[in-house]
Amino acid sequence: MKKKHIIFLITLFSIVSCHKEIRSENGGIDVVSVVYFKASKNLNQKQTFHLSGINYSGDTIIERIPDVNFPEITRQMFLIKDSLCYKLANENAGSTIISEVIKSRKPVPIKLKKEGTLFSNERIPNYNNRRNLPDTVLFDKKFKRFEINSPWMYTRFYIHPNDTILPYSIYRHAEKDYGGRLERIDSYNKKTDIFVTLQLIPRKNWDNAAKEIFEFNSFLKKIKSE
């Protein structure tokens, strides 16, 4: 009996070890939304919004918010660190010294940030009334799915099974429950006939604006250590 108990513990430890979460050290996330204004009548009447470009190095985030009409133009940039948010000037952003920004500028808690990606600990409305759906494959990626249906709104959530944790999540509690990353939310408003797709698209590389800032600060750190 004792031998069986030991074998059980070893097996359980192996299972837990295999599902250990890994934090991504460098990379980015694009937050993109597509809005269909008359979903039941004409899917061609739509507009795509690049809401935010998140870039991270360790625990430091540089967020670039594109202009709605001209996504290649940066409307605003933020430095996010230790749950605090600092506005960055768009001009000469590449020469931003992160340590000086933290020392000299007044931050705002990320929970109070109103632009770009919203950082919140709120739970999904009606989450307890969700219904699990069969797994599916989109863009060569496997997703777990669940839906929430109410008299006024139908929403479907897509979670990609993955042990790698990104520094931003819309609803972290759902990711913990389903063991993956919430990368897509489809919502249909039954009253207004508006269908909205919200996607989190992970990427390995920084965008150009963030790359300049991270590499410049890495260069300064290297000089100081010599």
key: Complete set of residues in region 68-90 that are without any contact (Cβ under 8 Å) to a residue 12 or more places away in the chain and more than 13 Å from ALA209 (Cβ to Cβ)   = ASN69, PHE70
query = What residue, among those in region 187-212 that are closer than 30 Å to ASN92 by Cα and more than 16 Å from the chain's Cα centre (by Cα), is surrounded by the fewest Cβ atoms within 10 Å (Cβ to Cβ)?
reply = ASN208
ask   = Is region 68-81 home to any residue that is loosely packed, with under 15 Cβ neighbours inside 10 Å, among the charged types (D, E, K, R), more than 19 Å from the chain's Cα centre (by Cα) and in a loop (DSSP other than H, G, I, E, B)?
value = yes
request  = May I ask you to verify whether ASN132 is without any contact (Cβ under 8 Å) to a residue 40 or more places away in the chain and farther than 22 Å from HIS160 by Cβ?
outcome  = no
message = Among the residues of region 94-117, are any more than 22 Å from PHE195 (Cα to Cα), open to solvent by less than 70 Å² (accessible area, probe 1.4 Å), assigned to a loop (DSSP other than H, G, I, E, B) and of a type in the set (Lys, Arg)?
response = yes
query = Residue check: is ILE223 aliphatic (A, V, I, L, M), surrounded by fewer than 14 Cβ atoms within 10 Å (Cβ to Cβ) and without any contact (Cβ under 8 Å) to a residue 40 or more places away in the chain?
reply = yes
query = Of the residues in region 82-134, how many are of a type in the set (D, E, K, R) and either farther than 29 Å from LYS176 by Cα or over 21 Å from the mean Cα position of the chain (by Cα) (or both)?
reply = 8
ask   = Can you name the residue in region 38-58 that is part of a loop (DSSP other than H, G, I, E, B) and open to solvent by less than 90 Å² (accessible area, probe 1.4 Å) and is also farthest from GLN199 (Cα to Cα) among such residues?
value = GLY58
task = Determine which member of the set ARG130, ARG184, ARG156 is surrounded by 13 or more Cβ atoms within 10 Å (Cβ to Cβ), among the basic types (Lys, Arg) and either out of contact with any Phe, Trp or Tyr (no Cβ under 6 Å at 6 or more places or on another chain) or modelled with pLDDT under 95 (or both).
result = ARG156
key: Options ILE54, ILE73: the member that is in contact with a strand residue (DSSP E or B) (Cβ under 8 Å, 6 or more places away or on another chain), among the β-branched types (Val, Ile, Thr) and modelled with pLDDT of 95 or more   = ILE54
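The values are calculated or read from the model by the stated rules, or taken from the named source; none is laboratory data. Not measured: the values here are computed from a predicted model. Cβ coordinates were reconstructed from backbone atoms using ideal geometry, including for glycine residues, and neighbour counts include every protein chain displayed. Protein only, heavy atoms only, side chains kept; ligands, DNA and RNA dropped before computing areas. Shrake-Rupley method; radii C 1.70, N 1.55, O 1.52, S 1.80 Å.
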